[in-house]
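I have placed the structure first, in the form of structure tokens, so that the comments after it can refer back to it.
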Amino acid sequence: MRYADVGELVVQARNGVPRAVARLVSMVENASPALREVAAALAPHTGHAYVVGLTGSPGVGKSTSTNVLIAALREHGRTVGVLAVDPSSPFSGGALLGDRVRMEQHATDPGVFIRSMASRGHLGGLAWGTPQAIRVLDGAGFDVVLVETVGVGQAEVEIASLADTTIVLLAPGMGDGIQAAKAGILEVADVYVVNKADREGAETTVRDLRGALGLAGTYGPDDWHPPIVKTVAARNEGVDDVLAAIDAHRAWLERTDGLHARRRARAAREIEAIAVATLRERIGAVSGSTDLADQVATGKLDPFSAADQLIGSERRTRGGRP
Ligand code: GDP
């Protein structure tokens, strides 16, 4: 299949051609020079998808939950684009095993697109590439974009900054209530799901979590109070409760103008990430060929002045020339 240009690729993606969507995501992943054009072509079509983030420690049931969530959303007539981002994995392009299994299950459904993304490497983690990939799926017309990521380190916080609704998945027997408090996820989750509710200790996990949430602060009458939903993803139990919690959170966001505020903050971070990457690239090209380092190393120049020179914005003294 050949595409005349980026515009045509975007048209194809919007017409539901999975290969076109996949190619656009690859362009993001590879930081293609045509990305600028892609972003411009997509922009008028973005802003419609509802972005749901799903995160949690390895093994809590993220892929299983994603799978049943996709099915439930499809039953409700909504199309779903899934991005599985593994910040610890060097693999890319749908190479993950779990992915293949999932793809097989939804392979014949044009209303579902599933893709793994590598976030490690030159893209600078989730910050740079993931929002652009979300834009691709949004622009391609999916009603819901589900971003699944392994909860390691900063990932929860980053995913929360990308999603309209962030779900943190826990499972019994992992001391997750306490872990949650320690990892700082109490501030980022909009919905908690205690999966594997068929296992012993599920009630303890719920209680621990409730306790940790209670300690974290009090809620005003207009605040969102993150619900705790129990599921058995492996048996497709409780999934409708998760959807109901997402919808309730969305309704709250829309009622309080929080949705626009979140998306504006997201756009601001996105612009900043691109600007920083551009600047870093420019600096990288310059710094190797200047004698600034020599000057700083020999005391002829201070490093702040050198840095100002490097980014080409020599600071004007207050009250000096404009
Ligand atoms: P992920 O690493 O977070 O994506 O977790 P997976 O979805 O791969 O699930 C890890 C393991 O837990 C798999 O063997 C699943 O079959 C199992 N699992 C998932 N959900 C449940 C559940 O609700 N109950 C039980 N008992 N096992 C589950």
- From the list 137, 73, 83, 69, pick out the single residue that is at pLDDT 90 or above, in a strand (DSSP E or B) and not polar (S, T, N, Q). 83
- Given the conditions (1) within 16 Å of the ligand (Cβ to nearest atom); (2) closer than 25 Å to residue 30 by Cα; (3) at pLDDT below 85; (4) not aromatic (Phe, Trp, Tyr), every one holds for residue 105 apart from (2)
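A quick yes/no check of all residues on (1) in contact with a Gly (Cβ under 9 Å, 6 or more places away or on another chain); (2) modelled with pLDDT of 85 or more:
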residue: 3; (1), (2): no, no
residue: 7; (1), (2): no, yes
residue: 17; (1), (2): no, yes
residue: 40; (1), (2): no, yes
residue: 48; (1), (2): yes, yes
residue: 60; (1), (2): yes, yes
residue: 77; (1), (2): yes, yes
residue: 94; (1), (2): no, no
residue: 101; (1), (2): no, no
- Query: Can you tell me which of 222, 247, 240 is assigned by TED's automatic domain parsing to the domain that holds residue 53 and part of a loop (DSSP other than H, G, I, E, B)?
  - Reply: 222
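Considering region 28-52 alone, what residues qualify as being touching a residue at least 12 places away in the same chain (Cβ under 8 Å) and assigned to a helix (DSSP H, G or I)? Let's see the steps before the verdict.
Restricting attention to region 28-52, the residues satisfying the condition of being touching a residue at least 12 places away in the same chain (Cβ under 8 Å) are 28-29, 31, 34-35, 37-39, 41-43, 45-52.
Hits for region 28-52 are 28, 29, 35, 37, 38, 39, 41, 42, 43, 45.
Can you tell me which residue in region 114-134 is surrounded by the fewest Cβ atoms within 10 Å (Cβ to Cβ), limited to those that are at pLDDT below 55 and not in a helix (DSSP H, G or I)? Spell out how you get there, then give the answer.
Just the residues of region 114-134 that are at pLDDT below 55, to begin with: 120-126.
So of that shortlist, the ones also not in a helix (DSSP H, G or I) come out as 120-125.
Working: 120: 15, 121: 12, 122: 9, 123: 20, 124: 15, 125: 17.
Only one residue fits best here, namely 122.
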- Could you list, in sequence order, all residues of region 230-285 that are surrounded by 14 or more Cβ atoms within 10 Å (Cβ to Cβ) and over 24 Å from residue 69 (Cβ atoms)? 269, 270, 273, 274, 277, 283
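State all residues of region 186-219 that are part of a strand (DSSP E or B) and aliphatic (A, V, I, L, M); if no residue qualifies, say none.
Of the residues in region 186-219, the ones part of a strand (DSSP E or B) are 191-194.
Result: 191, 193, 194.
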- Task: Name every residue in region 191-205 that is more than 12 Å from the ligand (Cβ to nearest atom) and either under 15 Å from residue 167 (Cα atoms) or basic (Lys, Arg) (or both), in order of residue number.
- Result: 191, 192
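The values are calculated or read from the model by the stated rules, or taken from the named source; none is laboratory data. All of these numbers come straight from a predicted model, not from anything done at the bench. Here Cβ is always computed from backbone atoms with ideal geometry, including for glycine, and neighbour counts include all displayed protein chains.
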